[in-house]
Amino acid sequence: MRRLEGKIALVTGGARGIGRAICEAYVREGAKVAVADLLETEAAATASALGEEAMAVTMDVTDPASIAAGVDAVETAWGGIDILVNNAGIFNMSPLEEISVQDYRRQFDVNVGGTIFAAQAVIAGMKARGKGGVIINLSSQAGRRGEANITIYSSTKAAVISITQSLALELAKDGIRVNAVAPGVIDTPMWDLVDKLFAKYDDLAVGEKKRLVGEEVPLGYMGKPDEIADPCVFLASDEARYITAQTLNVDGGNWMS
């Protein structure tokens, strides 16, 4: 039997990058997957590529009403949600002097608020079904340590680790496990943006930061999205049934704890 046979999952930010890799891995392991994303066309394309076991859901994780509508659509179509993956996230960087209130609010609304309110939207259904459930939050190695010029992003990802611990303790009595994954440098479309920002603020040629961070990883290369998706399969499966409140570093050895 495949490890997620019969499970129903909702993956935010599921249209591309790490989110898409998680959706693909979950379908391979027997789950039905709702590809939830603000990028409607890309979400539809991802769901179409995955076949009958996937559906696209338009979702803005900064809007609780949009989250609730997406969750309702999945529950109506498939009867419930067993697994939530809070993957939707954004990145920006700037020195302290250039931090704006708008950027601060946007990153916290997506990375922190999206995590909290998506969890809020699914737990009533999980509790009502009485079968427990799994929530997996995507943090980052940036949430494990501060980084120059990345004050806001790093603090949002540190908050995700704290949210994971708090929700795990709150929901344990209902059999709902809550864990997080903290990726290192992963070769996704987001890293093209990250690289350009480092080029701007660190006076580097475009592409240089990406090359350097890959070489600096102890295992010697930037990770691939499927190298994050596989641990997310494990954490969602019964193999991880006694694991909750943990943040798993998946970073090629960049951070040791």
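Would you mention how many residues in the stretch 187-235 are under 19 Å from residue 91 (Cβ atoms) and outside any helix (DSSP H, G or I)?
10
Please pick out the residue among 68, 88, 168 that is touching a helix residue (DSSP H, G or I) at 6+ places or on another chain (Cβ under 7 Å), aliphatic (A, V, I, L, M) and part of a helix (DSSP H, G or I). Reasoning before the result, please.
Values: 88 fails: part of a helix (DSSP H, G or I); 168 fails: touching a helix residue (DSSP H, G or I) at 6+ places or on another chain (Cβ under 7 Å).
That would be 68, the only listed residue that is touching a helix residue (DSSP H, G or I) at 6+ places or on another chain (Cβ under 7 Å), aliphatic (A, V, I, L, M) and part of a helix (DSSP H, G or I).
Yes or no, residue by residue, for (1) in the same structural domain as residue 175 (by TED's automatic domain parsing); (2) in contact with a strand residue (DSSP E or B) (Cβ under 9 Å, 6 or more places away or on another chain):
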residue: 2; (1), (2): no, no
residue: 19; (1), (2): yes, yes
residue: 24; (1), (2): yes, yes
residue: 34; (1), (2): yes, yes
residue: 38; (1), (2): yes, yes
residue: 48; (1), (2): yes, yes
residue: 51; (1), (2): yes, no
residue: 62; (1), (2): yes, no
residue: 79; (1), (2): yes, yes
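Residue 6 is checked against (1) closer than 24 Å to residue 180 by Cα; (2) assigned to a helix (DSSP H, G or I); (3) in contact (Cβ under 8 Å) with a residue 24 or more places away in the chain and fails just one. What number does that condition carry?
Checking residue 6 against (1) closer than 24 Å to residue 180 by Cα; (2) assigned to a helix (DSSP H, G or I); (3) in contact (Cβ under 8 Å) with a residue 24 or more places away in the chain, the one that fails is (2).
Give me a count of the residues in the stretch 169-196 that are closer than 22 Å to residue 96 by Cα and surrounded by fewer than 16 Cβ atoms within 10 Å (Cβ to Cβ).
Count: 2.
With the condition kept exactly as written, say whether any residue in the stretch 183-198 is modelled with pLDDT of 95 or more, closer than 30 Å to residue 130 by Cα and touching a Leu at 6+ places or on another chain (Cβ under 8 Å).
Among the residues of the stretch 183-198, not one is modelled with pLDDT of 95 or more, closer than 30 Å to residue 130 by Cα and touching a Leu at 6+ places or on another chain (Cβ under 8 Å), which makes the answer no.
Which of the following residues is among the small types (Gly, Ala, Ser), closer than 21 Å to residue 12 by Cβ and exposed (fewer than 14 other Cβ atoms within 10 Å of the Cβ): 166, 140, 155?
On the way: 140 fails: exposed (fewer than 14 other Cβ atoms within 10 Å of the Cβ); 155 fails: exposed (fewer than 14 other Cβ atoms within 10 Å of the Cβ).
That would be 166, the only listed residue that is among the small types (Gly, Ala, Ser), closer than 21 Å to residue 12 by Cβ and exposed (fewer than 14 other Cβ atoms within 10 Å of the Cβ).
Looking only at the stretch 128-151, which residues are under 17 Å from the mean Cα position of the chain (by Cα) and either part of a strand (DSSP E or B) or of a type in the set (A, V, I, L, M, F, W, C) (or both)? Don't jump to the end; show me each part of the working.
Residues of the stretch 128-151 that are under 17 Å from the mean Cα position of the chain (by Cα), as a first pass: 133-144.
Within the stretch 128-151, 133, 134, 135, 136, 137, 138, 142 meet the criteria.
Out of the stretch 84-103, which residues are more than 17 Å from residue 139 (Cα to Cα) and touching a residue at least 40 places away in the same chain (Cβ under 8 Å)?
Filtering the stretch 84-103 down to residues more than 17 Å from residue 139 (Cα to Cα) leaves 94-103.
Passing the criteria: 94, 95, 96, 99, 103.
Which ones in the stretch 81-102 are farther than 21 Å from residue 17 by Cβ and either in contact with a strand residue (DSSP E or B) (Cβ under 8 Å, 6 or more places away or on another chain) or among the polar types (S, T, N, Q) (or both)?
Within the stretch 81-102, the first condition is being farther than 21 Å from residue 17 by Cβ, and the residues that meet it are 81-82, 94-102.
If the condition is that a residue be farther than 21 Å from residue 17 by Cβ and either in contact with a strand residue (DSSP E or B) (Cβ under 8 Å, 6 or more places away or on another chain) or among the polar types (S, T, N, Q) (or both), then 81, 82, 94, 100, 102 are the ones that fit.
State yes or no: is residue 113 part of a loop (DSSP other than H, G, I, E, B) and not assigned by TED's automatic domain parsing to the domain that holds residue 208? Walk me through it before giving the result.
Numbers: part of a loop (DSSP other than H, G, I, E, B): no; not assigned by TED's automatic domain parsing to the domain that holds residue 208: yes.
Considered against the rule, which asks whether it is part of a loop (DSSP other than H, G, I, E, B) and not assigned by TED's automatic domain parsing to the domain that holds residue 208, residue 113 comes out as no.
Return yes or no: is residue 70 in contact with a strand residue (DSSP E or B) (Cβ under 7 Å, 6 or more places away or on another chain), crowded, with 16+ Cβ neighbours inside 10 Å and farther than 24 Å from residue 225 by Cα? First the steps, then the outcome.
On the way: in contact with a strand residue (DSSP E or B) (Cβ under 7 Å, 6 or more places away or on another chain): yes; crowded, with 16+ Cβ neighbours inside 10 Å: yes; farther than 24 Å from residue 225 by Cα: yes.
Here the answer is yes, as residue 70 does meet what is asked.
The values are calculated or read from the model by the stated rules, or taken from the named source; none is laboratory data. This is a predicted model, so every value here is computed, not measured. FYI the Cβ positions are ideal-geometry reconstructions off the backbone, even for glycines, and counts take in every protein chain you see.
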